[in-house]
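> Before I ask anything, here is the structure I am working with.
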Amino acid sequence: MMFADNTKPDCPIAFVNQAFSDMTGYTSAEAVGRNCRFLQGPETSVDSIALLREALASGQVIKLELLNYRKNGEAFWNEVQISPQVNEAGDILGFIGVLTDVTERHRLNAETAQMQSRLASILDNMPGYLFQRSLKADGALALTYCSPWLGNILGIPLGDLANGTDLLAYMHPDDVGAARQSIAQSAADLSPLLLEFRLMTPGGGVRWIRNQSTPRHTSSGAVVWDGVGLDITAEKAAEERLSYLAFHDPLTGMPNRELFATALAKAVALAVTADTHLVLFRVDLDAFDEINDELGRVVADSILRNVAKRISDFAESHDGFAARIGGDEFAVFYAMSRSDGTVQDAAAALSHILAEPHPLAEGNYAVEAGIGVADYPFETSIDIASPTAAPELMKRAALALQAAKRVGRGIHRVYVAESDTSQHNQIILRRSLRRAIEENQFKLHYHPLVDLGSGTIVGAEALVRWNHPELGLQAPDIFIPFAESSGLIVPLGGWIFKEAMQQVKAWQARGIAVPRIAINVSGVQLRDPGLLATVEAALSQTGMDASQFELELTEGFMIEASPSTLKVLRSLKMMGFMLSVDDFGTGHASFRYLRDFPVDKVKIDQTFVRQMVIDSSDASIIRAIIGLAKSLDLDVVAEGIETTVQRDFLRDEGCRVGQGYFFSVPLTAEDFGYLIERDVRLPWETSAASPARRKQKKAQAR
Ligand code: C2E
Ligand code: CA
Ligand code: CA
């Protein structure tokens, strides 16, 4: 407190109490005799002072806050209440001032304001919202709080949401059921609640939201979740884009070969039960490379898009499915109805549609196409089980197409069973497979796995070959499917294990450092209860260590694997085998199993590598697979490398190891032993005429 004497010039202070001295640091002796303004300083508000003066001059009581300065120079907020003392004549004799230090209150206010503006800025800028949801004991579900973002997105006042309703009302109808279920579950066991759902915005748009919250009980018996909802629309779009890229051709927007294969397999499976007549057309434009050269890439592309449109329309008019399955190759299938006429008629109709000239800026330009047709069910007595029927159908249409191409341009041909001698050979092979195992007609070839940086051989994949006494060397693609469907893969697989181990033993006996050898294991073998015993016997008979080998399992099988096969995989892993997923990326399924299964490695399927051109969708898929493998801490191998461009791309993307004809064809044990003994780098550039080199040359000439 203080008193200032207005009867003296410049209204000096006449009295201050101890509290004044404690607050300002000035003793009574230092303060008395001076005008109050000595407490003011550079930051004191000029406006406040003016206000103060005005009030005092007119004799009013005034209360305001001023920034004042203590004797030590420290600023403080001073709440000042000044009351004038007036005599009967109305003269102002002096002023009584009551001063309070409110610095702390000021600081708290400023802090709160700053926190609020920070929070507001976070809420404004975060891609999502904070919320609180409650489930009352009577079952009422409501958002009791949500930050403004949500209201903005939904185009409704916030009050509407925090007013007894829940988001469920704004969710995509397909997501509501699952959301309700998860909320009920989380309320029941107080487990964290994770929801992903779509919000429907007023403009007809859709936002993907990922919602994460933790439940707790309140004293009133309600369950309350505090959480955050994030806008993951962009993430979802990227995911969809990736899966779209994986299954569509960027130039024409048509489905690609993989999607076509899946659709055809489904249609065939359906045709078996529904007894429908499926017809498949394969189309190959005649001399398209000439068109490319003659008209240039841009015009050629526009012709491809025209053709794609015609073929898509043709498919649509028959409720069918069409795809671009290669550069200038297309395919269509549909279920024929009685009114559709014959398969020949249908092929002629398609041929006619394609022969229409394309109106180009340069004038009309006709492009002819060869068409190969095959249909299902098959006429022949050969019992083709449905899983192989779709590839068989594709193969037949391809054979018919080849026949058409042999005749000339613009020709269509329907597949005729009798014309296919390979069919005949297949029957022979099937019949003689059992004997071949007994008579040891098989051998293993070794396909080098190469370090993409240095060319060092870091492993090999054992690939089985059948040396048939009459038909000659047979590739596994031809007989492995039979071996699997007949169960003969079990004894054959047993032989392969033992043979590979014996071979490694023989190399080691010669003092060669043998890299890890990969052995293909079929899903049928993994379901065989005797597998572990077979493998153990092979290991102990040859004295080999399991860590010298790697087992390749196809992705398709991994997706279907049952708990019991998972157990077998775990046991193999425990024994010391390295496990890798073969043909990775063709499974068309989520990659979740990679986390559940004890695998060490993925082999990128060769179709991606083969079709890869920089910036194609296959390149994006390869990039995505390498990223995925890295994030799961798995090794990656790329298969089917045939060119320097492919090798360089893969190496630059971070894939360390690869396999393919660019480095070498699969080699006999003798040739492979020759290379590893000399620690040869691949591709092998010396002119030494070794058996390995000669073979490689021959393969490249093919
Ligand atoms: P896979 O396991 O995907 O084996 C890779 C196949 O791709 C091999 O064909 C290999 O020669 C070939 N390849 C590798 N690099 C290139 C390349 O750069 N270009 C081209 N065009 N091809 C390349 P192969 O030996 O005909 O084997 C075919 C399939 O047969 C194998 O595919 C595998 O599924 C099966 N198979 C082979 N050996 C065995 C075996 O011992 N056991 C079992 N269960 N299946 C086997
Ligand atoms: Ca393989
Ligand atoms: Ca493969």
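The values are calculated or read from the model by the stated rules, or taken from the named source; none is laboratory data. Computed from a predicted model, the values in this text were never measured in an experiment. Because the Cβ atoms are built from the backbone with ideal geometry, glycine has one as well, and the counts that use them run over all protein chains shown. With ligands, DNA and RNA removed, areas are computed over all heavy atoms of the protein, side chains included. Shrake-Rupley method; radii C 1.70, N 1.55, O 1.52, S 1.80 Å.
> Test each condition in (1) in a helix (DSSP H, G or I); (2) of a type in the set (S, T, N, Q); (3) closer than 26 Å to Val86 by Cα for Ser21 and report the one that comes out false.
Looking at each condition in turn, Ser21 falls short on (3).
> For region 450-569, which fully contained strands (runs of 3 or more DSSP E) count at least 3 residues that are over 15 Å from Ser580 (Cβ atoms) and in the same structural domain as Ile604 (by TED's automatic domain parsing)?
457-468, 472-474
> Collect the residues in region 597-617 that are of a type in the set (Ser, Thr, Tyr) and within 16 Å of ligand 2 (Cβ to nearest atom), keeping them in residue-number order. First the steps, then the outcome.
Kept after step one, since they are of a type in the set (Ser, Thr, Tyr), are these residues of region 597-617: 607, 616-617.
Thr607, the sole residue that qualifies.
> Can you confirm whether region 641-657 contains a residue that is among the small types (Gly, Ala, Ser) and either within 16 Å of ligand 2 (Cβ to nearest atom) or open to solvent by less than 10 Å² (accessible area, probe 1.4 Å) (or both)?
no
> With the requirement that a residue be at pLDDT 90 or above and surrounded by fewer than 16 Cβ atoms within 10 Å (Cβ to Cβ), what does region 369-379 give you?
none
> For region 633-666, what are the residues that are part of a strand (DSSP E or B) and either within 6 Å of ligand 1 (Cβ to nearest atom) or over 20 Å from the mean Cα position of the chain (by Cα) (or both)?
Val657, Gly658
> Exactly one of (1) free of Cβ contacts under 8 Å to residues at least 40 places away in the same chain; (2) under 23 Å from Ala436 (Cβ atoms); (3) surrounded by fewer than 20 Cβ atoms within 10 Å (Cβ to Cβ); (4) more than 16 Å from ligand 2 (Cβ to nearest atom) is unmet by Trp466. Its number?
With respect to (1) free of Cβ contacts under 8 Å to residues at least 40 places away in the same chain; (2) under 23 Å from Ala436 (Cβ atoms); (3) surrounded by fewer than 20 Cβ atoms within 10 Å (Cβ to Cβ); (4) more than 16 Å from ligand 2 (Cβ to nearest atom), Trp466 is out only on (3).
> Does Val283 meet the test of being surrounded by 13 or more Cβ atoms within 10 Å (Cβ to Cβ), out of contact with any helix residue (DSSP H, G or I) (no Cβ under 8 Å at 6 or more places or on another chain) and touching a residue at least 24 places away in the same chain (Cβ under 8 Å)?
Against the criterion (surrounded by 13 or more Cβ atoms within 10 Å (Cβ to Cβ), out of contact with any helix residue (DSSP H, G or I) (no Cβ under 8 Å at 6 or more places or on another chain) and touching a residue at least 24 places away in the same chain (Cβ under 8 Å)), Val283 does not qualify.
> Can you tell me how many residues within region 110-139 are open to solvent by 60 Å² or more (accessible area, probe 1.4 Å), more than 34 Å from the chain's Cα centre (by Cα) and closer than 18 Å to Asp226 by Cα?
Final tally of qualifying residues: 2.
> Here's something else I'd like to know. Name the one entry in Ala142, Ala89, Ala169 that is open to solvent by 60 Å² or more (accessible area, probe 1.4 Å) and closer than 30 Å to Arg198 by Cα.
Ala169
> On to the next question. Quick check on region 595-610: of everything there that is open to solvent by less than 20 Å² (accessible area, probe 1.4 Å) and β-branched (Val, Ile, Thr), which residue is nearest to ligand 1 (Cβ to nearest atom)?
Step by step, filter region 595-610, then rank; the result is Val609.
> So Asp340 fits all but one of (1) acidic (Asp, Glu); (2) at pLDDT 85 or above; (3) open to solvent by less than 70 Å² (accessible area, probe 1.4 Å); what number is the exception?
Status for Asp340: all satisfied but (2).
> Continuing with this model, one more query. Filter region 498-520 down to residues that are within 16 Å of ligand 3 (Cβ to nearest atom) and open to solvent by less than 10 Å² (accessible area, probe 1.4 Å), then give me how many there are.
The qualifying residues number 3.
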